[in-house]
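Every number in this text was worked out from the coordinates using simple rules, so none of it is lab data. The shown structure was predicted, so the numbers you read here are calculated from the model rather than taken from an experiment.
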């Protein structure tokens with residue numbers, strides 16, 4: 001099924017996300033299949049473990065030649081620093097470009113109540129996202145994963161050089177599914193996101209290629225309006 005999606009989307013988008021479900025089922029072969037079709041790969045495995053274990057996982061991911069990967073920012077600065085250093089070393093040893101390494105802040109399925117009641121985090125969602133992102137920058141990561149609602153805050157606090165990858169993207173009129181903090185593609189880009197992660201609006205569509213084309217058209221239209 002995954003290769004079918006790639007074949008339908010080739011020529012419409014140039015990057016794809018490989019997450020835990022596909023990687024558990026197919027392993028590195030999934031990355032290879034995407035590369036063979038010309039896609040850059042965001043390996044979305046959200047590593048979260050002790051620093052040595054995460055460093056080893058990042059090393060192997062880097063050797064696969066992925067364009068971007070992530071770790072949980074909640075794992076702490078030492079863990080994130082180990083990830084950043086492992087990516088740099090492995091890229092040099094393997095002769096591949098160093099991947100963009102991101103810190104995952106607060107999952108888009110969580111809201112203020114979940115943070116407080118379930119996780120014991122007393123700050124606002126935006127405050128916690130910013131705190132985690134600042135830790136990721138201190139550790140030497142390149143950017144973070146955050147919902148559309150925190151993009152503006154992060155951009156103002158961390159500047160243009162900080163990479164912001166935004167999930168929870170839903171085209172106008174689409175349902176939120178299990179996401180609590182969402183926005184349209186055009187709104188997320190206007191707020192300052194660098195990369196958008198669009199999953200079910202494409203993969204669950206009757207025609208994934210047409211769905212992806214519609215999102216690209218929405219972005220192009222927004223860009224045209226913004227530049228007028």
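Fully extending the segment from residue 213 to residue 14 would add 70.4 nm, taking 0.36 nm per residue of separation and subtracting the current Cα-Cα distance.
Quick one: length gained pulling residue 25 to residue 116 fully straight, 0.36 nm per residue minus the C-alpha distance? Working shown, then result.
On the way: separation 91, 0.36 × 91 = 32.76 nm, distance 3.41 nm.
29.4 nm is the gain from fully extending residue 25 to residue 116.
Quantify how much of the Cα-Cα distance distribution of the range 26-157 extends past 25 Å, in percent. The share of Cα pairs beyond 25 Å in the range 26-157 comes to 28 percent.
Structure remark: mean-square fluctuation, Gaussian network model of the chain, C-alpha springs under 10 Å; the largest value among 28, 185, 148 belongs to 28. Our summary gives the chain a relative contact order of 15 percent, counting only alpha carbon pairs under 8 angstrom and 6 or more residues apart.
At 222 nm, what value in deg cm²/dmol follows for the chain if DSSP H runs of at least 4 each add -39500 (n - 2.57) and the sum is divided by all its residues, to the nearest 500? Don't skip to the answer; put the middle values down first.
Working: 10 runs with 108 residues, N = 228.
The helix contribution divided over the chain gives -14500 deg cm²/dmol.
The Kirkwood radius of the chain, taken over pairs of alpha-carbon atoms, gives through the Stokes-Einstein law at 4 °C and 1.567 mPa s a diffusion coefficient of 72 µm² s⁻¹. Could you list log10 I(q)/I(0) for the range 43-87 at q = 0.15, 0.16, 0.17, 0.18 Å⁻¹, which the Debye formula gives when each Cα is one point scatterer? For the requested q values the scattering log ratios are -0.28, -0.31, -0.36, -0.40. Once you divide the Cα radius of gyration of the range 112-172 by 2.2 N^0.38 Å, the number left is 1.17.
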